Amino acid sequence: MRPLPVHTIRIAVFFLFTTMVLSAALAQSPADRGPAMPVNPFVASADWWKHAVIYELYPRSFGDSNNDGTGDLNGITQHLDHLQTLGIDAIWITPMFPSPQVDFGYDVSDYRNVDPQYGTLADFDRLVSEANKRGIKILLDFVVNHTSDQHQWFKNSTQSKNNRYRNFYIWRDGRGPGQPPNNWKSAFGGSSWKLDPASGQYYYHYFYPEQPDLNWRNPAVEKEMFDTMRWWFKRGVYGFRLDAVDALYEDEKLADNPTLPGVDPYGEPNQQHLNDHSLPEVHNALQRMRKVVDEYKGRVLIGETWTNTPAELTAYYGARNNELQMPMYFNFTTINRLDVAAFRERIEAVEQNPVGGWPVFVLSNHDIRRQVDRYTPAGADKDAVAKLLAAMYLTLRGTPIMYYGEELGMQNNDPARREDVKDVIGQKGWPTEKGRDGERTPMQWNASLNAGFNQGAKPWLPVGADSITRNVAAEMADSSSVLNWYRQIIRLRREHLALTEGDYQTVSTPSPNVLAYKRTANGKTILILLNFSEVPQSISLPPITADHTSTKLASSASQLNETQAQLEGFGVLVLELK
Ligand code: GLC
């Protein structure tokens, strides 16, 4: 081929350069993406997780790369740029291991592989490597309490009473003919015991019968599970969310649970889970597990820790901070109304935990209705509430765990008819218990068919009706969207140490509707004012700010005058005090 003259090359290079600069500028223009997300300076630190925003993602519903109606790992990889743009530091993927999917992955039949409907181990490795390039770590969901009844261990255990795997599970004789060993009720309805006619014994399942409980009193079980953790750590996984960890142990003597008044959603008497839940033995197991985690740098344990009191939560950190680094604090999720006093009390309770455990905040997840539906007063603006809640839990001292779609203000999309329900607890408990489908619907990417979740195959759950306007593409282009608000607050976390490392101090204001607090580090203080009501609130800054002047870092539905903060309904002000 004939070489091109030099001036032609120069012009071509100039055009190429100009096009690149222009497209970069367009991609970064405020109307489009806003300022770029700064890199998290703590990405390589051992305590990265204290500076992180974690994002829970339901793999069935995030991105469906092969257009079969169900999301998959490559679908996650395809959307990593969104997570980077949002400022996410780690993703927790709910179980993607091989599974019969009775409980959508929480019934694992092989802990060291990927379910074919989600992809392959090679896809997983690629996801880890692509995520790492974007400063994002991968956390897995470790279903430690039970396996699937299709796991080879369980299949072996049914072979005979003498099988080596029999003691991997909890097999017991009944109390008498046709009577299970005790009165324990499954969290998913009915007795926790299932009879195996072949051996005449019952096996124990805290959840569905297809989810037999592992016997953690057997050291061989512990060894298998710990080796599995090491296996994933070596593959680049940064930690685990421990599923149902509080159900790990049961009373050895199988003492009955006390019966409580009323009935559960399945029509059976309520009971206090005294002997099948939160047993002290779990803490010894967690201490041993933590030692496995500490063999690797920067690895973490997050717990699904449902606790009623601050003391119970404190116990999960361990007396010497030697159990879970991040037991989830679910205590906001039971408030279900915008009540300043209730939130303040719960924040202070976790702040004052005597072991100095790091707080971990959760507002909703794949088991809990989406937060805008739970907290927004009837008829009020859900987007305003989405921004208010984001401003709160992204600026408290601790690690927030977001749930996918929350950054869009995604709402529950509940099934209207029993025959549409996919979640078995919804099928069993309808209409009192409608199941968890509503909070698990496909991520809304754009205004195209199926909201860009896939190329048109029927998604496993219906796409939200609001997806035409409530989607990533539309919200990126709208500077006042919920998405751009999340990006703005997360950016502040990366830019201001006070918001991650700073201490927390409650601020009292004359208004019972305003939640206010300060975060301070290295002599810098940030004041956060949150109007939990629909009614405008006016707050005089002095004496709150004493002799400081203040600079506005972020605001939603509010104004700052010299000495006065004017917060409209659900308004937010984030101020730096100078
Ligand atoms: C946890 C999971 C839930 C699952 C249950 C049984 O609570 O979050 O989705 O159904 O454990 O594994």
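Some observations on this one:
- Hits in segment 412-433 - residues which are among the β-branched types (Val, Ile, Thr), part of a loop (DSSP other than H, G, I, E, B) and within 16 Å of the ligand (Cβ to nearest atom): Val421
- Being among the polar types (S, T, N, Q), under 27 Å from Ala247 (Cα atoms) and free of Cβ contacts under 8 Å to residues at least 40 places away in the same chain is true of Thr309.
- Every residue from segment 481-511 that is within 30 Å of Ala341 (Cβ to Cβ) and of a type in the set (S, T, N, Q): Gln488, Thr500, Gln505, Thr506, Ser508, Thr509, Ser511
- Every condition in (1) within 16 Å of the ligand (Cβ to nearest atom); (2) more than 24 Å from Thr305 (Cα to Cα) holds for Gln152 except the one numbered (1).
- Within segment 34-151, strands (runs of 3 or more DSSP E) holding 1 or more residues that are open to solvent by 10 Å² or more (accessible area, probe 1.4 Å): 137-142
Let's see how each residue does on (1) assigned by TED's automatic domain parsing to the domain that holds Phe330; (2) under 24 Å from His205 (Cβ atoms):
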residue: Pro269; (1), (2): no, yes
residue: Gln272; (1), (2): no, yes
residue: Gly298; (1), (2): yes, no
residue: Thr305; (1), (2): yes, yes
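- Pick from segment 372-404, criterion open to solvent by 10 Å² or more (accessible area, probe 1.4 Å) and out of contact with any strand residue (DSSP E or B) (no Cβ under 8 Å at 6 or more places or on another chain), ranking: nearest to His496 (Cα to Cα): Asp383
- For segment 239-262, a tally of residues being charged (D, E, K, R) and more than 24 Å from the chain's Cα centre (by Cα) returns 5.
- Restricting Arg417, Arg494 to those that are among the charged types (D, E, K, R) and without any contact (Cβ under 8 Å) to a residue 12 or more places away in the chain reduces the list to Arg417.
- Of all the criteria given as (1) in a helix (DSSP H, G or I); (2) under 19 Å from Thr85 (Cβ atoms), the one not satisfied by Ala447 is (1).
- Summed over segment 397-445, residues that are within 15 Å of the chain's Cα centre (by Cα) and closer than 17 Å to Pro265 by Cα total 1.
- Count of segment 171-212 residues which are of a type outside the set (Ser, Thr, Tyr), more than 16 Å from the ligand (Cβ to nearest atom) and in contact (Cβ under 8 Å) with a residue 40 or more places away in the chain: 6
- For segment 288-302, a tally of residues being open to solvent by 60 Å² or more (accessible area, probe 1.4 Å) and touching a Leu at 6+ places or on another chain (Cβ under 9 Å) returns 0.
- Members of segment 455-480 that are part of a loop (DSSP other than H, G, I, E, B), open to solvent by 10 Å² or more (accessible area, probe 1.4 Å) and out of contact with any Leu (no Cβ under 6 Å at 6 or more places or on another chain): Gln455, Ala457, Lys458, Pro459, Trp460, Pro462, Val463, Thr469, Ala477, Asp478, Ser479, Ser480
- Segment 257-287, residues that are outside any strand (DSSP E or B), open to solvent by 40 Å² or more (accessible area, probe 1.4 Å) and in contact with a strand residue (DSSP E or B) (Cβ under 9 Å, 6 or more places away or on another chain): Pro258, Tyr266, Glu268, Gln272, His273
- Among the numbered conditions (1) of a type in the set (A, V, I, L, M, F, W, C); (2) over 14 Å from Ser61 (Cα atoms); (3) surrounded by 23 or more Cβ atoms within 10 Å (Cβ to Cβ), the only one that Met443 does not meet is (2).
- Count of segment 194-204 residues which are over 16 Å from Asn156 (Cβ atoms), out of contact with any Asp or Glu (no Cβ under 6 Å at 6 or more places or on another chain) and surrounded by 21 or more Cβ atoms within 10 Å (Cβ to Cβ): 1
- Meets criteria (more than 16 Å from the ligand (Cβ to nearest atom) and either touching a residue at least 40 places away in the same chain (Cβ under 8 Å) or not aliphatic (A, V, I, L, M) (or both)) for Ser160: yes
The values are calculated or read from the model by the stated rules, or taken from the named source; none is laboratory data. Please read these numbers as outputs of a predicted model, since none were measured by experiment. Methodologically, a virtual Cβ is constructed for each residue, glycine included, from the backbone with ideal geometry; neighbour enumeration extends over all protein chains shown. Areas reflect the complete protein model, heavy atoms only, side chains present, ligands, DNA and RNA absent. Shrake-Rupley method; radii C 1.70, N 1.55, O 1.52, S 1.80 Å.
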